[in-house]
Amino acid sequence: MSVTFRYRAVRADGSRVTGVVESPTSIDAARRLGERDLFVLALDPAPSAAPSLRPSASRRDLALVFRSLAALVAAGIPVAQAVTATEPLAHGPLREALVEVRRELGEGRTLAQALVHTAVFPPLVTGMIRAGERGSQLGTALGEVATHLELEAEMVAKVRQALAYPVLLLIAGAISVLVITTVVVPRFAVILADLGQQLPPTTRALLASSTFLRTDGWLLLLICAVLLGWMGHRLGDGERRRRLFDLLLRIPVLGPLRHALGSARLCRALGGMLGAGMPLLTALHSARDALGDPALAHRLDRAADRVAQGAPLTAALEREGALVASALQLVAVGESSGQLAVMVRRAGDLASQEADRALRTLTGLLEPGLIVVFGGLVAFVAAALLQAVYAVRPGM
């Protein structure tokens, strides 16, 4: 029984091609596309025939698996035996995927073909492995994949750690304000109502807000849910989604942070693929999967088109704004010195440092900003209640 697969690939001259192919399995589909001299970047079942996919594994778990594979293959152990020895390190869907990979290897598939058959390993990983196999540098490619995944895991951990306190502060502040307005204020409202006097405007506004939250708060939640659903539907369109992310790149503090993070991902992925022996144009097209930002991916696609037309890599990336300036300088050095893979990796490290600085700046602004906002809300509640007390007892 044939299944329809959608593919995204590049030709030997660097031009991109997309389409569909009928094949019983994804491995057979990748083989057929390879026979047509197409380098597959992504291969997914068509929506009408999409099977249930395994949940993806974390970057840290993937890094551990590929670091083990790299060490075993470098020691001269056959790939199938290396996969078998690595299986105990994995858990859940990742371990099931390795069992499936081992079975495919036993049937004569290459490692890249076996990885494509699962939904756990990202296309970027399989592309780097495929490039290493074609250049007889599988051990190097596995090491590059492990390094890339380790750096990605470290970057994600830094972002989560930096945002943990602001998120906790936001949750605690929201709960505090909600308790004050729905529990504390109503008790004061009963007392003030018994006095039967005219209350100040701020107090009346506070009591009206409290009443609304207690009685019609669900309506506010429903409106927010509808708005979020509408926005999600609107952003389902690729062009609108790209424009939104392009707008985010222009926001002060947040924009430079996103640009630096994307530059770090791009340079590390590109350096790893070049180090594994992947051609430049193919590496540029494959690296877009590591960006995680539609706007930056669009810029990279335009830069790759310029490179395919004969433009230097540095000039193309600079023209499209695909990299931050500091990383672009190192790429220029690598391109002129013939050490592109090495310098692109260093550019990724430099962009990561710039992202760390931007992240510290963002969190440094978020924390006092949240304190000011929630402190202002509490101060407003206290002032409104005190005004009411002084209004009913002017002699105090």
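Points to keep in mind about this one:
- Restricting the stretch 374-396 to residues that are touching a Ser or Thr at 6+ places or on another chain (Cβ under 8 Å) and open to solvent by 80 Å² or more (accessible area, probe 1.4 Å), the residue that is modelled with the lowest pLDDT is 387.
- Residue 218 passes every criterion in (1) without any contact (Cβ under 8 Å) to a residue 40 or more places away in the chain; (2) exposed (fewer than 15 other Cβ atoms within 10 Å of the Cβ); (3) within 18 Å of the chain's Cα centre (by Cα) apart from (3).
- Given (1) free of Cβ contacts under 8 Å to residues at least 40 places away in the same chain; (2) within 24 Å of residue 341 (Cα to Cα), number of the condition residue 59 does not satisfy: (1)
- The stretch 147-183 - residue that is among the β-branched types (Val, Ile, Thr) and in contact (Cβ under 8 Å) with a residue 12 or more places away in the chain and, of those, surrounded by the most Cβ atoms within 10 Å (Cβ to Cβ): 181
- For the stretch 250-278, the set of residues classified as crowded, with 19+ Cβ neighbours inside 10 Å and either among the aliphatic types (A, V, I, L, M) or in contact with a strand residue (DSSP E or B) (Cβ under 9 Å, 6 or more places away or on another chain) (or both) consists of 257, 260, 261, 264, 266, 269, 270, 273, 274, 276, 278, listed by residue number.
- Total residues in the stretch 317-373, condition open to solvent by 50 Å² or more (accessible area, probe 1.4 Å), farther than 30 Å from residue 171 by Cα and either modelled with pLDDT of 90 or more or more than 20 Å from the chain's Cα centre (by Cα) (or both): 13
- Residue among 95, 103 that is in contact with an Asp or Glu (Cβ under 9 Å, 6 or more places away or on another chain), assigned to a helix (DSSP H, G or I) and of a type outside the set (Gly, Ala, Ser): 95
- Restricting attention to the stretch 279-291, the residues that are open to solvent by less than 10 Å² (accessible area, probe 1.4 Å) and part of a loop (DSSP other than H, G, I, E, B) total 1.
- All of 122, 78 fail the test of being open to solvent by 60 Å² or more (accessible area, probe 1.4 Å) and out of contact with any helix residue (DSSP H, G or I) (no Cβ under 6 Å at 6 or more places or on another chain), apart from 78.
- Some residue of the stretch 298-314 being free of Cβ contacts under 8 Å to residues at least 24 places away in the same chain, of a type in the set (A, V, I, L, M) and over 30 Å from residue 169 (Cβ atoms): yes
- Of all residues in the stretch 185-230, those that are at pLDDT 75 or above and outside any helix (DSSP H, G or I) total 1.
- Residues that are crowded, with 22+ Cβ neighbours inside 10 Å and farther than 15 Å from residue 62 by Cα within the stretch 128-146 comprise 130, 131, 132, 138, listed in sequence order.
- In the stretch 1-48, residue modelled with the lowest pLDDT [restricted to those that are part of a loop (DSSP other than H, G, I, E, B), among the charged types (D, E, K, R) and surrounded by fewer than 14 Cβ atoms within 10 Å (Cβ to Cβ)]: 13
The values are calculated or read from the model by the stated rules, or taken from the named source; none is laboratory data. Every value quoted in this text rests on a predicted model; they were computed, and no experiment measured them. Reconstructed Cβ throughout: ideal geometry from the backbone, glycine too, with neighbour counts over all protein chains shown. All accessible areas refer to the heavy atoms of the entire protein, side chains included, with ligands and DNA or RNA removed. Shrake-Rupley method; radii C 1.70, N 1.55, O 1.52, S 1.80 Å.
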